[in-house]
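Take a look at the structure below.
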Ligand code: NAP
C-alpha cells in the first residue's frame, strides 16, 4: 500500500493506541504532530519516530479547550505543514453505575471524547478543505452499544459515530473522508485501569476476556494502528461515514 506523504495529527498519542498510531503513520511516510495533555509525556513517541528516520513534534494540549486546540493545530501547521490527517484518539474513562455517577464524571468523559473531537476537527478541517484532501478517523468503541458502568463513555462513543457520519456528509465534497474505528478490548493503560477498578489482576482480566473473543486473544494497539493506516491512505478515498469494529469478532 502506498500513500502520499502528508502531515498527520494524533491526539492522546503519548501512549497506548495513540502512540502506536503515531508511529505507524510516521512509518507510512507522514510527519506527525504527537498531541497529548502533557507535552513531556510525548517524548517517547517522538523519539521512536525520529529514531526510525521520521518527522514528529510533541505538542501539549487539552483537546477539550478551544484556545489550546487552536494553538496546537497552528503549531503543527507552522512546524510540519498543513495537517490533512486527523486521528481523534484522546480519551478517558470515569466508570460508575448510573446511580453513583457524578455530574463531574459525566462532563469529564463527554468533554474529552465529544467536545474534544469536535474542537480538533473544526480546527483541522480548515486545512483539509483548503488542500482539498482530508482523512478523519475517530476512536469509538464497542461500548457504544452499551456497557455496564459506562453510561458516560458509551454515550460519548455512540455520539462519535453520529458525528463521524455527519462529517462524512458535510466534508465529502472537499475530498475529506471521515470514519470511526470501534475497538474491542485493547491491551493498554485504559484496560489496565478497568481491571484495577474490578479488583482483578490485569493478566487474569486479559485471559478471561480473550476466551470471550472469537480470535481468542485481546487486541494490541498495533491492531488499531493498522486500520488507521488503511483509512488514512490515498486508496481509502471511497470509504467514508463507516464505523469499523476492530474487535476480533463480529458486532451486532
Ligand atoms: P490510554 O492508554 O489511556 O491513552 C489515552 C491518552 O489520551 C493518554 O495519554 C491521555 O493522557 C490522553 N488524554 C486524556 N485526556 C486528554 C485530553 N483532554 N487532551 C489530550 N489528551 C488526553 O487509552 P487507550 O486505550 O490507548 O485508548 C485510546 C482511545 O481508544 C480512547 O479514545 C479510548 O476510549 C479508545 N478505546 C480504547 C479501547 C481499549 O480497550 N483500550 C477500546 C475501545 C476504544 P493522560 O495519561 O495524561 O490522561
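Derivation of every value follows stated rules applied to the coordinates shown; laboratory data play no part. Predicted, not measured: the structure shown is a model, and the values here were computed from it. Cβ coordinates were reconstructed from backbone atoms using ideal geometry, including for glycine residues, and neighbour counts include every protein chain displayed.
Sorted from largest down, give the three principal axis spans of the alpha carbons of the chain, whole angstrom values.
That gives 47, 37, 36 Å along the principal axes, largest extent first.
Taking the beta-carbon count within 10 Å as an exposure proxy, list 120, 227 from fewest neighbours to most. Write out the running numbers ahead of the final one.
Numbers: 120 27, 227 18.
Lowest to highest Cβ neighbour count: 227, 120.
With each pseudo-label sitting 7 Å past Cα toward Cβ, what's the residue 215-residue 43 distance in nm, one decimal?
It is 3.4 nm.
Test of understanding: what is the full-extension gain from residue 52 to residue 2, defined as 0.36 nm times their sequence separation minus their Cα-Cα distance? Walk me through the intermediate numbers first.
Details: separation 50, 0.36 × 50 = 18.00 nm, distance 1.84 nm.
Length gained between residue 52 and residue 2: 16.2 nm.
Provide the FRET efficiency to the nearest 0.05 for the residue 239-residue 203 pair, computing r from the beta carbons and using R0 = 35 Å.
Values: r = 37 Å, r/R0 = 1.04.
It comes out at approximately 0.45.
Set the Förster radius R0 to 41 Å, insert the Cβ-Cβ distance between residue 98 and residue 75 as r into 1/(1 + (r/R0)^6), and round the FRET efficiency to 0.05. List each step's numbers first, then the result.
Working: r = 40 Å, r/R0 = 0.97.
For residue 98 and residue 75, the calculated efficiency is 0.55.
Under the 0.36 nm per residue contour assumption, what length would be gained going from the current alpha-carbon distance of residue 145 and residue 122 to full extension? Show your work: numbers first, answer last.
Working: separation 23, 0.36 × 23 = 8.28 nm, distance 2.62 nm.
Computed gain between residue 145 and residue 122 is 5.7 nm.
Can you pull the semi-axes for segment 4-59, root of five times each eigenvalue of the Cα gyration tensor, sorted largest first, whole Å? Please list the in-between numbers first.
Details: eigenvalues 50, 22, 17 Å².
Whole-Å semi-axes of the equivalent ellipsoid: 16, 11, 9.
Take residue 170, project a point 7 Å from its Cα along the Cβ direction, then tell me which residues of segment 105-123 have their backbone nitrogen under 11 Å from it.
Under cut-off, by backbone N: 118-119, 121-123.
Show that you can apply the helix-only estimate: for the chain, add -39,500 (n - 2.57) for every DSSP H stretch of four or more residues, divide by all residues, and state [θ] at 222 nm to the nearest 500. Could you put the intermediate results ahead of the total?
Details: 9 runs with 113 residues, N = 252.
Dividing the helical sum by the residues of the chain leaves -14000 deg cm²/dmol.
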